[in-house]
1. Whenever you get a sec, compute what percent of the accessible area on the stretch 192-345 sits on carbon and sulfur atoms (1.4 Å probe).
2. If 66, 201 are ordered by their accessible area, calculated over protein heavy atoms with a 1.4 Å probe, which sequence runs from highest to lowest?
3. Which far-off residues, 5 or more places away or on another chain, put their amide H under 5 Å from the one on residue 283, with H placed in the peptide plane?
4. In Å², and per residue, what accessible area does the stretch 90-129 have when probed at 1.4 Å with the other protein chains present?
5. Probe radius 1.4 Å, ligands and nucleic acids left out: which of 114, 130, 80 has the largest accessible area, and how do the rest follow?
6. State the Cα centre-to-centre distance between the stretch 85-103 and the stretch 136-184 in whole Å.
7. So how much accessible area does residue 106 have, in Å² to the nearest 10, using a 1.4 Å probe?
8. Send over the per residue convex hull volume for the stretch 201-255, Cα only, as a whole number of Å³.
Amino acid sequence: MHLQLEVLGNGNHNHTTDITPRSTPVPIFQCKKHIISQFIIPDILHSLAYVYGFYLLRISQCEQLETLMEMVFLQSSPNHAGYQSQGKLIRNLRLLLYGGVTWVFLSLASQVMHIAAGYTSITFTWMSPHDHVAKGVLLFLMLVGFVALDMVYLCVVISYCVQCSLLVYYMRGLKERVLERTLSLEETIKKIGQFETYLQELNNKMSNAVSLVLFNFITMAVLGLVSLMDRKENEYFSALTFVSVSFALILWMTMWMVPIIQACMVSGACNTIRKLGHDVRVRPFGFTDTAANNLDSFIMFTATLNMRAKLFRIPIRASYVMFLVITVCLLLLLAFQLGTIEVWL
């Protein structure tokens, strides 16, 4: 799913790739147009995300994930339903893990297709072998590097998504316990304070690494989209190359959307806590033995909460994301109609 094999080399000492049959004369593409956006920026962002994530998880001894997981599992129970169910929580966490592993295998398949499309014309600069065995070994090592690259992406994204899922279950399970009168209002305020601490840690630390990775994802997705839409770029593409680039574009966008969706879910859970005070106050028989002053204080506390998940240091809400998606779609449609963007279809 990495697009580094599309346009490479100057014919002397650089890596060149040609994806057309040898019977057709093919010009040598030079990597001057996209060298910064396709190679330098993604590699720098990937390195920064890896170093920052390694620092958080190994050097700084950050135990937020372990503590949060323990707290959420202690709050849940195998005999409960909804957001207090341990079984539902475990299924969702496993779904994230299985989905991430599947993404890595699909990414590997995309790379294999991309290499197969230009196998005869791929060279390795000064290491260019003259026999198929040595070339196969180099291609295998390149695929291993791509898998390692994807595993770094997967670790950063899945770690963030797991923490988001735990926060969502914690807050929604807390709301259910309050409405069921199994938790006092004073204890609820303390637990909301703990949640706010965990959310701040997530926004100030892990979200920075995820933001770097997301910017890398959108960069690669834009490059893939440009290569599909620009006739000058895809003039010599084979059918297999079109399939591999399209498949890679879908994978990049999917991996980009998952953390955004998880952040929206966390912000939605925060919004439900803001409304919890009103839900408690309007219940006619739930809190009849609680003083009105305590209920009013609880309403004022929840109403003044301002908690949001953040990416790129920007609060994330579902309404903001939908507005951005609709705006981008309208701008693309306008560009197509005005002829600013020409599509080969």
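1. Ligands and nucleic acids excluded, carbon and sulfur give 67 percent.
2. Numbers: 66 110, 201 65 Å².
Greatest to least solvent exposure: 66, 201.
3. Answer set, sorted by chain and number: none.
4. I get 55 Å² per residue for the stretch 90-129.
5. Correct descending sequence by accessible area is 130, 80, 114.
6. 9 Å
7. That residue has around 70 Å² of solvent-accessible surface.
8. 64 Å³
The values are calculated or read from the model by the stated rules, or taken from the named source; none is laboratory data. Everything numeric in this text was worked out from a predicted model, so none of it was measured. Surface accessibility is based on the protein's heavy atoms, side chains included, excluding ligands, DNA and RNA. Shrake-Rupley method; radii C 1.70, N 1.55, O 1.52, S 1.80 Å.
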